[in-house]
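Would you mind keeping the following structure in view while I ask a few things?
Taken together, the values in this text are just the output of simple stated rules run on the coordinates, not laboratory data. All figures in this text were calculated on a predicted structure; none of them were measured in a lab. No Cβ is skipped: glycine too gets one built from the backbone with ideal geometry, and neighbour counts run over all protein chains shown.
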């Protein structure tokens, strides 16, 4: 997603959504007939707020078809989901990034074998408050805003208004992807307003003149 990258390279840099499960026993139990309709039991899914809408919808549909199954869904971020899987407090971790080697090793040391499944591919959208007349930013400008080189929109050809930077917390897979793809692993400016979910970013940017933020495209 850096300037000058080809369309193929950009596509490869899109966020992928993952479900990571543990091979430590069946998540569902058969009641006897051996058919899909015989599934019953409880499943816990925790993790990424970016993946949350997909998880909620698919869980509701699954439960409609399998009345004996109860699925609980909770956000909290990709790190929270993967940590919960490692600690044995969830069956499935939803994440907007791949499980790290260190996390996988920690899971294995506890007798848990993570199994990763890609369920969707998403992009990161950069959003600004509607009153901002600056409607185009380069990747370099976005990076420079987030690392603190710009503090007023007038420096970028916009209005004389303070730039309010909205970012995600470090437990977010979206944050990790943004830091890698846009910031080149640079630190986010210290005065950035840190939020816990995509929806909070969307709401905060929409209510704050001068604000800029980023979120999964599914929240647009």
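If Rh is defined by the Kirkwood formula over all Cα pairs and Rg also comes from Cα, what ratio Rg/Rh do you get for the stretch 124-219?
0.92
Using the number of other C-beta atoms within 10 angstrom as an exposure proxy, rank 46, 162 with the fewest first.
By the 10 Å Cβ count, ascending, the order reads 162, 46.
Let me ask you something else. Beyond 20 Å, what percent of the Cα pairs of the stretch 58-163 remain?
Cα-Cα pairs in the stretch 58-163 separated by more than 20 Å: 61 percent.
Additional query: Based on the mean of other Cβ atoms within 10 Å per residue, sort peptides 67-77, 93-103 so the most packed one is first.
93-103, 67-77
Using only the Cα atoms of the stretch 41-112, what do you get for the radius of gyration and for Dmax, in Å?
Looking at the stretch 41-112, its Cα Rg and Dmax stand at 12.7, 38 Å.
Calculate how many DSSP beta bridges within the stretch 124-219 are antiparallel, expressed in % of all such bridges and rounded to the nearest 5.
Antiparallel bridges: around 55 percent, rounded to the nearest 5.
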